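Chemist: For reference, the structure I am asking about is given below.
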Amino acid sequence: MFKGLKRTVRKMFREFLVYHHSSLEYRAKLLTLMVSSNGEIDECEKQKLKEIAHSIYADDIERAEVLIDTVNEYHTKIITNNGLNFEHLIQLVESETKAVPRFVKKIDMDLLRQLHECAEDEEDALFQERILEFLGSLINEYGKK
């Protein structure tokens, strides 16, 4: 019970309680692009997401859990059409990358490709490939400044 309450409070006040929350949220947006591309998060993606979060924040289990929660929050907003849609998320990633060029370092193509391995449908795999190409173009455009 206490753990659930703590998680809820942390989610509600993430901006104040989580150190470098903007960096964490940017990473969550990147991961959400991949897992929400087909409209659902399957078991493979959940497992890969957990592995990725714990590899990014290997020394901070709570921060890794906040990252997973944030991805799930963004995904829920997209599928319920609650103030965020997929195209808007893409625009957010692009504008945040342009505004804060150091965020380009947060785009880890190898980690994102792990999520791409979960795509079973050819159409989903192609769409995720386009997302990876888009993120690669952001790296090329903003990573060299």
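The values are calculated or read from the model by the stated rules, or taken from the named source; none is laboratory data. Please read all numbers here as calculations on a predicted model, not as lab measurements. Neighbour counts run over all protein chains shown; Cβ positions are idealised from the backbone, glycine included. Surface accessibility is based on the protein's heavy atoms, side chains included, excluding ligands, DNA and RNA. Shrake-Rupley method; radii C 1.70, N 1.55, O 1.52, S 1.80 Å.
Chemist: Just need the relative contact order of segment 15-80 here, percent rounded to a whole number, with Cα pairs under 8 Å and 6+ apart.
Modeler: Relative CO of segment 15-80 lands at 41 percent.
Chemist: What accessible area, in Å² to the nearest ten, does a 1.4 Å probe give for H116?
Modeler: 40
Chemist: So for the pair N140, A125, with labels modelled 7 Å out along Cα→Cβ, what separation do we get in nm?
Modeler: 2.3
Chemist: What FRET efficiency would be calculated for the residue pair H21, I90, taking the C-beta separation as r and a Förster radius of 22 Å, to the nearest 0.05?
Modeler: The value I calculate is 0.55.
Chemist: Each residue of segment 81-91 in turn: what ³J(HN,Hα) in whole Hz from Karplus with 6.51, -1.76, 1.60 and θ = phi - 60°, glycine and Pro shown as x?
Modeler: In residue order, the calculated couplings are 6, 9, x, 8, 10, 4, 5, 5, 5, 4, 5 Hz.
Chemist: At a temperature of 20 °C and a viscosity of 1.002 mPa s, determine how fast segment 54-114 diffuses translationally according to Stokes-Einstein, using the Kirkwood radius over alpha-carbon pairs as Rh; express D in µm²/s, rounded to the nearest whole number.
Modeler: 163
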